[in-house]
Amino acid sequence: MEIIKSNRSITMEKADEFLKKIKPEEEVTIETINAFGDRFENLSELEDLMSMNNPPHHHPLTGPIYVEGAMPGDFLKVQIESIELFDMAQMLSKSAGIAPLEKDENFDFSSRYPIYAQVENKTKKLRYIKSQMNLEVAPCVGMIATMPKEGIIKTGHIGVTGGNFDNPFITEGVSIYLPVQVEGAGLYLGDVHAKQAYGELSGIALEASANVKIKVSILKPWIPFESNPIFIMGKEPLTKQNALAVIGIGKSFKNGDEAVRDSFFKTVEVIKRLKPTLSEMMIRSMLSLIGNSMAGQAYSNTSESTSQILLTEDEIRSIYFTENENILDDLELCLFRSDKDAKDKPKTLITIGAVKGRLQKVLHKYIESLGIEIPEINPRLLVYDIETPKYILRINLLKWKDISKNYNKFDLVIYGADKWLENSNKAFVALKHFEQNDCRMSILVPNELKDYPLSYFLKRNIATTYPNILKQNYDIKDSNIVEMEGSVEASIKLGWADSIFDVVETGETAKVNGLVEHTEVVKFGAVLATARIDKLPLFVNLGLIEPINNKISVAFDGIDGSGKSTLAKNVVQTGLFRNSQVVLVEPFSGKVGKDAFSLWKANKFLLWAEIVGKQHWSARNIVNTVYDRSLLTALVDNLEQGKEDTALKVIKAWEPLPDILFYCKIPAQIAYERNMQRAEHDEFESLESLEYYEKKYEESVEFLKEHTNIKVVEIDATNSTHESIQKVKEILQNERFD
């Protein structure tokens, strides 16, 4: 293997000439020269190197190295495969550290003990300091960077593209991720340490020359980073665990606080990518529990301080679930797009929970859409694996109840939308919609009563296994609903009911039992979904779902009884977003909304609205979102006469705002009559409350039209759910979807 010889570069800057060109995934060995610029044989030669008579070429680097295909906006992943140390190592600094050497005209070793040692590569021991300390070699790379697009970074210093990290985590077997600002990246490397502790408190480590074997990859972020963080992933030497560390840089000398602060906010951005459902405020608080702040170079008179926030594997798994043994592979695929097949990595395990029975046809249709041939499997086998070059699909065939109870234990789930609409699981992100022939939910009646109006049956007993969907679509009393586990067709002849509400596909079962389809209520299909929104980039990387580029946010709002919740659920689950990823969000019903409700009760409306707006959801940048209540609800109690400034603060807290807001408009009296059909009631459902909020919602709609660019669409909520869905469908079809 060719060794790229050091050219002893002393700056990192945009250059016309590159030292060498390398290809992605190519293994190369880079010669590095120790921080003093040369080798030495004894203490006298070391003194000569450090004296002022010696040209100040300290921290020489090897570079810049051109990486084919690297472009601005990319990240360069540098895997450090091995560090082969040369025989001598030394540490002494005239100016750095907590207690730098005393300054006088004649350089004096006496103010600090000059540690130097001979490296025994076979035993990994440091010979000369063996009598004082029994130390083993633990090599790390002190300086590594890509070329900045402007300005100069001197060696021994650090900038936004890297430089002098002096971090013992940058060691054998780990990868460092560096932002690329110029074509070809321009990789620099040098300043190897034979051993260093975190903080480098004396300002220098055990400096050594070495050969460093690396492999580079070009990665593209799913979403451009705001801060272009530099981070490290691999086995951390102190904890001996796989870990993720995000680097922070102090922009001025002697300022470790700047470095800690920088690493903190960059870590927040990285975690938001790995766990999009966590709000920024929640992540900030959480870092006090799982983020370990550790210094690289803690203090220096001559260079910037560095710091890192370290998340060990145990701590990462507390917020990110995966059954894959190497969690870092998952994290990389969630942060970056990758077109290459990593042949040297274990295959990713993807678990699928699928409802057995007729939905197995949908499962097979999905698997075939991935270009995978359905294997011959014993039809009685309930758990089996399908292996592909990139991943392993572990199929689990279960009943819906068992899947819904354990929804977060599966990467992907396939189910009928009728089940979701009946027992809404808000955690699911709908990924793909499958038509099931002509599947629909309808009201069926005896053949001899087929000409009777629908109102006749709504006032009499209806048998169904879907009472919630029935009530979502019609104002029907609970006393008129006959709940059954199945075989609802028998209820007519048993005299239990006058009609039934059930799933219809071919209609043959109904026909045999003397029933005909009277009114179609809702069409539906099967849904591929996930509760693991953090894994969406991983699924796209593996080719399990298609990426989306034009994302949209839709909100449904209105007084209680306006049907907004029913419309929001149907939009998510009945394919109106085609095969685009979409999630239902209920900010005021979720944990954040419930926790914040005490503020509302205390008349602290602004605090209530702001905390829900800032913390309820943070994943809009990777999925389409459908809100059941949104900004409009946050405004109604804040928009009073003379409180426009307060209302503008509320709008600011809810940014980014919905693209379309469907205002479900309904008279308070009709909403009240609907609400009285429910088994449970709350303080917002009295007629007096509804009349008050009907007026406040109208005022808030006008305020939004005046102060935002939200497209507000009024829906006549006195119409049937079916009619309202058709109106929503027409609007959405005019929007751009992938």
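The values are calculated or read from the model by the stated rules, or taken from the named source; none is laboratory data. Note that this is a predicted model, so its numbers are computed, not measured. Please note: Cβ atoms are built from the backbone with ideal geometry, for glycine as well, and neighbour counts cover all protein chains shown. Accessible surface is based on the protein model in full, side chains and every heavy atom, while ligands, DNA and RNA are left aside. Shrake-Rupley method; radii C 1.70, N 1.55, O 1.52, S 1.80 Å.
For the reader, a short list of remarks on this structure follows.
- Eligible aspartates and glutamates near Lys20 by straight Cα distance, threshold 15 Å, same-chain separation 8 or greater: Glu2, Glu31, Glu68, Glu183
- Once the Cα atoms are used to define both axes, helix 591-601 deviates from the longest principal axis of the chain by about 70 degrees.
- Counting charges near Pro221 (Lys, Arg +1; Asp, Glu -1) among other residues having Cβ under 13 Å from its Cβ returns a value of +1.
- The length gained on full extension between Phe321 and Ser285, counted as 0.36 nm times the residue separation minus their Cα-Cα distance, comes to 11.0 nm.
- Of the cross-linked pairs Lys251/Lys649; Lys471/Lys535; Lys347/Lys409; Lys347/Lys401; Lys450/Lys471, those separated by over 26 Å at the C-alpha level are Lys251/Lys649; Lys471/Lys535; Lys347/Lys401.
- With a cut-off of 10 Å between beta carbons, the residues surrounding Phe556 carry a summed charge of +1, where Lys and Arg count +1 and Asp and Glu -1.
- C-alpha long axis of helix 644-653 to longest principal axis of the chain, angle in °: 70 degrees
- Annotation for region 656-710: chymotrypsin sites (Phe, Trp or Tyr not before Pro) lying in DSSP loop with at most 15 further Cβ atoms inside 10 Å of their Cβ are Phe684.
- Loop trypsin sites (Lys or Arg not before Pro), region 226-273, which have at most 16 other Cβ atoms in a 10 Å radius of their Cβ (DSSP): Lys240, Lys254
- With a threshold of 19 Å on the Cα-Cα distance, the over-threshold entries among Lys361/Lys419; Lys356/Lys729; Lys564/Lys695; Lys23/Lys77; Lys601/Lys705 are Lys356/Lys729; Lys601/Lys705.
- Sparsely packed loop sites in region 437-520 (the trypsin sites (Lys or Arg not before Pro) outside DSSP H, G, I, E and B with at most 14 other Cβ atoms within 10 Å) comprise Lys450, Lys459, Arg460, Lys477.
- Global form of region 502-614, assessed from the alpha-carbon gyration tensor, a/c cut-off 1.5: oblate
- Accessible surface, the chain, averaged per residue in Å² (probe 1.4 Å): 45 Å²
- Between 0 and 90 degrees, the angle of helix 360-369 with respect to the longest Cα principal axis of the chain falls at about 40 degrees.
- Per-pair calculated FRET efficiency, R0 = 25 Å: Arg337 and Gln360 via Cβ, rounded to 0.05: 0.20
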